[in-house]
Amino acid sequence: MTAHLSSAESSNVESLLKETRIFSPATDLAASLGGAYCASMDEYRARHTRSIADPEGFWGEVAQGFEWFTPWTRVLEWNCPDAKWFVGATTNICHNALDRHVLDGHGHEVAIIWEGEPKLPGDNGPQPEVKHLCYGELLDEVCRTANALKSLGVKKGEVVTLYMGMVPELAIALLACARIGAVHSVIFGGFPAPAIADRMLDANSRVIMTCDGAWRRGAVVPLKKSVDEAIHLLCAQNHTVDHCVVVHRIKHEMEGAVDWTAGRDHAWHELIDAQSAECACEPMDSEDPLFLLYTSGSTGKPKGILHTVGGYMVYTAYTAQQTFNLRPGAGHVYWCTADIGWITGHSYVIYGIMPNRVPTIMYEGAPNFPGDDRFWEIVARHRVTHFYTAPTAIRSFMKWGDQHPGKHDLSTLKVLGTVGEPINPEAWMWYRQHIGADACPIVDTFWQTETGGHVITPLACVTPTVPGSCTLPFFGIDAAVVDEQGNELPPNVGGLLVIRKPWPSMLRGVHRDRARFIDTYWSRIKGMYLAGDGARRCEKGYFWIMGRIDDILNVSGHRLGTMEVESALVSHPAVVEAAVVGMPHEIKGMGIAAFVSLAPGSTPSEALKTALRSHVSSVLGPIAKPDMIRFTQTLPKTRSGKIMRRLLRDIAAGRDGNQDTTTLEDFTTLATLRANEE
Ligand code: PRX
């Protein structure tokens, strides 16, 4: 394979996956799901061709399946890189997720199945807390919460930060914001105080909703404490947080442990239970902001990716329906294991699923608590038909052993999905055999925070799959692999993954940073969206994602900028310079290797490594903890002063993290030898 990537980029690319067997969907699958939306690959091709040739006609028809308060005057207005979809139309995503089903007489049907992590003693042994929330009662709760936000003075367009565990109140908060036109910014509960403060400051957010704590693997994550610390950090920057609404999830364990600031802090249930359950949906312009979600970029601080109401609503619900073959009233129970703190949770736990009127599961805790079979127990308990998770989780399941899924009845499963990172064939095959009984199709969905929904993916009842390939573009997606000039490359030549036409849920911008929006996605290849991944297409036209071409790491399916980790390291007094690269990791897919040079007076030691790891964790969260730290006198650099990341990547990949040494290393000779390669 030749690569049309620079040497630095191609060395960052994952090794190609070798499995070539083709798996076609079982012939009776569609019937067992109540039908198929697409009858054959020929139909897929015809519809895809039409969606590219006539996007306005195609998406105009799809959008008819949603309720709008006023119609659009044009389906698309495209002025690269600015897209407007369903121009002039008004709607509300909360109306399409909830009110619509209630008005149609489905208010008693289950919208959300929630399962808490802890198990409580019961007659048949310890049982988890389970709640079934129907569309009707959820609508009442959302209206109360929306009224509560209004009572705090929250206005349309204002950013409300949500920093919560996976409790039903998080789904309610999301929908309540959408209902009144407040823009939510969800921060994953694993992030520490500085990350909350940075995001609130960037978004100019003055209202936050949180929990006293969250359950994780039997322990309490003290969320409110982190919020208090963040508010303290913000105070120092003259940014006031006016209101903090707190769900008491961990009550007894947290008794006395949660600080309370009268006037600013409000107990969720005291505030919300007192509100009326009537609250009309705010008519939202299709292009009004729906949410910001911060994600790592290759430079500087995380960027606030902006999604808007109409296009995001249509695209996420339509992809969910077509990719997973979801159907209301067909007994489907859908479970995406992602946390709502990430885009997968936004699009495929809540927004894309609820308009399809299929129950969505929210599970609060860890996959291995109290036992390594917790996920399979949940699948069996709730008779899950559609299961969507990340390759990193699958690799953990493999490690924990086949006996765990083997203990449970998984026969209700029909469709399996993965997302977040390339899946290795071994994990794909294990998933198929041990979870899918060698029968369920696996949809390997490629997409990004920026794309809002699936962009390259198999369709469950239609597309033949090959382990490791995310197969073919979704309707409306004009994806291609191109060279630096934007020319499409022949089969099996690696290049840049781009999307050449706008699609409804594409990001509309980077919050308060137009230049970064243009530079990151639209500058390198004129007129095309640059995904930031390397890819190739094989003879069949299937896409094979080869990994990021920039300095973004993908650790357990989560994005991290190398610069973020480097900045966190140099903010420790013992460190003068740091370089961070990815390294292969059996479970996480990619681990973090940090090369660190120390300040005068600091000496390498195991204790210092531990201190640096916990320092990084306190700035960026546990996800960012380096798996390997190497101390070095100087970092290897090119003559122009660029750190030789490729050399560092080779070194990191070549040695086992457990054998890493605490002695100072001198890369000078190696660097000189390799200088010409960079
Ligand atoms: O590198 C790709 C990888 O995850 C990146 C996007 O990360 P994020 O915005 O956090 O969204 C993750 C969940 C949608 C991509 O640029 N990625 C995501 N899905 C896949 C993937 N790589 C290979 N195969 C996938 N299915």
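Run lengths n ≥ 4 of DSSP H only: what is the helix-derived mean residue ellipticity at 222 nm for the chain, with -39500 (n - 2.57) per run over all residues, to the nearest 500? Intermediate values should be presented prior to the final figure.
Values: 21 runs with 195 residues, N = 678.
Helix-only estimate at 222 nm: -8000 deg cm²/dmol.
Quick check for you: with a 1.4 Å probe and neighbouring chains kept, what is the accessible area per residue of the chain, in Å²? Write out the running numbers ahead of the final one.
Numbers: 24810 Å² over 678 residues.
Here the per-residue accessible area is 37 Å².
Given the chain, what percent of its DSSP beta bridges are antiparallel, to the nearest 5? Please report the intermediate quantities before stating the final value.
Values: 59 of 100 bridges.
Beta bridges within the chain, antiparallel portion: roughly 60 percent.
For a quick check of your reading of the filter: which GluC sites (Glu not before Pro) in segment 258-300 sit in a DSSP loop and have no more than 12 other Cβ atoms within 10 Å? Write out the running numbers ahead of the final one.
Working: sites: Glu270, Glu278, Glu287; in loops: Glu278, Glu287.
Answer in residue order: Glu278.
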Note: segment 223-306 at 4 °C, 1.567 mPa s; Kirkwood Rh on alpha carbon pairs; Stokes-Einstein D in µm²/s works out to 79
If I ignore ligands, DNA and RNA and count only protein heavy atoms, how much of Thr520 is accessible to a 1.4 Å probe, in Å² to the nearest 10?
50
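Quick one: grab the alpha carbon gyration tensor of segment 435-541, order the square roots of its eigenvalues as a ≥ b ≥ c, and give me rounded if a/c is under 1.5, else prolate or oblate depending on whether a/b is larger than b/c.
Oblate shape, in that a/c is at least 1.5 and b/c is the bigger or equal ratio.
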Skipping prolines and chain starts, which residues have an amide H placed within reach, meaning under 5 Å, of the one on Val555, given they are 5 or more residues away or on another chain?
Leu560
Stretched out fully, how many nm does the piece from Val570 to Glu606 gain, at 0.36 nm a residue minus the Cα gap?
11.2 nm
Can you check what the Kirkwood hydrodynamic radius comes to for segment 71-228, Cα pairs only, in Å to one decimal?
17.9
In segment 214-275, chymotrypsin sites (Phe, Trp or Tyr not before Pro) in a DSSP loop with at most 15 other beta-carbon atoms within 10 Å:
Trp260
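Take the Cβ-Cβ distance between Ile587 and Glu426 as r, set R0 to 22 Å, and report the resulting FRET efficiency rounded to the nearest 0.05. Display every interim value, and only then the final one.
Values: r = 12 Å, r/R0 = 0.57.
Calculated value: 0.95.
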So how far apart, in nm, are the two label points at Val493 and Ala439 if each is 7 Å from Cα heading toward Cβ?
4.5
Which is farthest toward the positive dipole end of segment 375-432 among His386, Gln403, Gly420, measuring Cα position about the Cα centre, with Cβ charges +1 (Lys, Arg) and -1 (Asp, Glu)?
His386
Roughly speaking, what is the stretch gain from Asp42 to Thr638, that is 0.36 nm per residue apart minus the C-alpha to C-alpha distance, in nm to one decimal?
209.3 nm
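Compute and list, largest first, the equivalent-ellipsoid semi-axes of the chain from the alpha carbon gyration tensor, each √(5λ) rounded to a whole angstrom. The partial results should precede the final answer.
On the way: eigenvalues 261, 201, 137 Å².
Values for the chain, descending: 36, 32, 26 Å.
Which loop-located GluC sites (Glu not before Pro) does segment 399-504 contain, where loop means any DSSP state but H, G, I, E or B and the Cβ has at most 15 other Cβ atoms within 10 Å?
Values: sites: Glu426, Glu450, Glu484, Glu488; in loops: Glu450, Glu484.
In loop regions of segment 399-504 (DSSP not H, G, I, E or B), the sparsely surrounded GluC sites (Glu not before Pro) are Glu484.
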Virtual spin-label span in nm between Cys538 and Ala366, 7 Å along Cα→Cβ:
3.7
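Carbon and sulfur: what percent of segment 95-241's accessible surface (1.4 Å probe)? Let's see the in-between values first.
Values: 2650 of 5010 Å².
Carbon and sulfur atoms account for 53 percent of the accessible area of segment 95-241.
The values are calculated or read from the model by the stated rules, or taken from the named source; none is laboratory data. Quantities reported herein were computed from a predicted structural model and do not represent experimental measurements. So basically every Cβ, Gly included, is an ideal-geometry build from the backbone, and we count neighbours across all protein chains shown. Heavy atoms of the whole protein, side chains included, go into the accessibility calculation; ligands, DNA and RNA do not. Shrake-Rupley method; radii C 1.70, N 1.55, O 1.52, S 1.80 Å.
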